[in-house]
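Asker: This is the structure, below, for whatever I ask next.
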Amino acid sequence: MTTTLATVLRPTPTPVVTYYDVGTGERVELSGVTLANWVAKVANFLVDELDAGRGTRIRIGLPSHWLRYVWILGAWRVGAVVTDEAADIGLAGPDLEAAEPVRLAASLRPLGGRFPTEPDGFLDVAVHVPSSPDVFIDLDPPAPDDLALDLGARTATHAGLLAGPALADRIVREPQPVADDAADLAAALAGGGSLVMVAGGGPDDLARIAAQEHARLGEEGR
């Protein structure tokens, strides 16, 4: 039985993450294969370019977005801890709010596009990550009892996250805190399920997208 989030992602052709931005009309679907490739690139970038590894603390300051899922998994792949304080590496969105020693930024433009010009003091992940190899070799893989989340009052190990309820079907979610996205991702990977994230939508949009994606609406609250 798999007990770490570093190895639970299976390169399958079925979707694991589907992202909608109702305002822009963007739709991005990541199969297990595509998601695994993205995660390997992030992991190689973290290790090769930033010397990240087990215990490195990474703050993922992105909203609920397909890139947030990629970076959560990329952090876990190298044994890093997803945190919101005392981080070594900070990943900011277009607002460029980061104070960590190493600062990364994602424009969140459609198709993972770059900033027009790389922001001062930041590495644009759309410039630096795509050229990284899409196969990652673990030289120091995380252990089941390694910390995966350290977010305020919510902490969890790899094994702890995977011991939670598994998700076997498709579920629609609205934007939510990073801890909830992380828990959903672990549940989907453990149970073979799929996440449909809808940003900027109202109740009618959520119902329409749930119907066309053959997914159920997520419950409110946790």
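Asker: With the condition kept exactly as written, say whether any residue in region 57-78 is of a type in the set (Lys, Arg), touching a residue at least 40 places away in the same chain (Cβ under 8 Å) and within 19 Å of residue 197 (Cα to Cα).
Answerer: Yes - at least one qualifying residue is present in region 57-78.
Asker: So residue 136 fits all but one of (1) more than 20 Å from residue 50 (Cα to Cα); (2) aromatic (Phe, Trp, Tyr); (3) touching a residue at least 60 places away in the same chain (Cβ under 8 Å); what number is the exception?
Answerer: The failed condition is (1).
Asker: I'm checking my understanding of the structure. Among residues of region 21-41 that are part of a loop (DSSP other than H, G, I, E, B) and either free of Cβ contacts under 8 Å to residues at least 60 places away in the same chain or of a type in the set (Val, Ile, Thr) (or both), which one is surrounded by the most Cβ atoms within 10 Å (Cβ to Cβ)?
Answerer: Applying the filter and picking the extreme gives 22.
Asker: What number goes with the only condition from (1) exposed (fewer than 15 other Cβ atoms within 10 Å of the Cβ); (2) touching a residue at least 24 places away in the same chain (Cβ under 8 Å) that residue 120 does not pass?
Answerer: (2)
Asker: Exactly one condition in (1) modelled with pLDDT of 95 or more; (2) among the aliphatic types (A, V, I, L, M); (3) over 28 Å from residue 214 (Cβ atoms); (4) touching a helix residue (DSSP H, G or I) at 6+ places or on another chain (Cβ under 6 Å) is false for residue 40; which is it?
Answerer: If we test residue 40 against (1) modelled with pLDDT of 95 or more; (2) among the aliphatic types (A, V, I, L, M); (3) over 28 Å from residue 214 (Cβ atoms); (4) touching a helix residue (DSSP H, G or I) at 6+ places or on another chain (Cβ under 6 Å), just (4) comes out false.
Asker: Which pairs turn up if I take residues in region 179-205 that are in a loop (DSSP other than H, G, I, E, B) and look for partners that are among the aromatic types (Phe, Trp, Tyr) and modelled with pLDDT under 95 with beta carbon separation below 7 Å, at least 6 apart in sequence or on another chain?
Answerer: So the pair list comes out empty.
Asker: Restricting to region 113-156, and then to whatever is assigned to a helix (DSSP H, G or I) and under 20 Å from residue 80 (Cα atoms), can you tell me which residue is farthest from the chain's Cα centre (by Cα)?
Answerer: Quick first cut of region 113-156, residues assigned to a helix (DSSP H, G or I) only: 125-128.
Next, only the ones that are under 20 Å from residue 80 (Cα atoms) stay: 125, 128.
On the way: 125: 14, 128: 17 Å.
The selected residue is 128.
The rows are residues; the columns are (1) small (Gly, Ala, Ser); (2) touching a Pro at 6+ places or on another chain (Cβ under 7 Å); (3) within 30 Å of residue 23 (Cβ to Cβ); (4) not in a loop (DSSP other than H, G, I, E, B).
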site	(1), (2), (3), (4)
59	no, no, yes, yes
63	no, yes, yes, no
69	no, no, yes, yes
94	no, no, yes, no
100	no, no, yes, no
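Asker: Next question. How many residues does region 171-188 contain that are crowded, with 18+ Cβ neighbours inside 10 Å and more than 20 Å from residue 150 (Cβ to Cβ)?
Answerer: Total meeting the criteria: 4.
Asker: Still on this structure: So which residues in region 42-61 are crowded, with 17+ Cβ neighbours inside 10 Å and over 13 Å from the mean Cα position of the chain (by Cα), if there are any at all? Spell out how you get there, then give the answer.
Answerer: Quick first cut of region 42-61, residues crowded, with 17+ Cβ neighbours inside 10 Å only: 42-47, 50, 52, 56-61.
Within region 42-61, 44, 45, 46, 47, 50, 52, 56, 57 meet the criteria.
Asker: Among the residues of region 1-20, which ones are assigned to a loop (DSSP other than H, G, I, E, B) and not β-branched (Val, Ile, Thr)?
Answerer: 1, 5, 6, 9, 10, 11, 13
The values are calculated or read from the model by the stated rules, or taken from the named source; none is laboratory data. Everything numeric in this text was worked out from a predicted model, so none of it was measured. Counting neighbours? That spans all protein chains shown, and the Cβs are built from the backbone with ideal geometry, glycine included.
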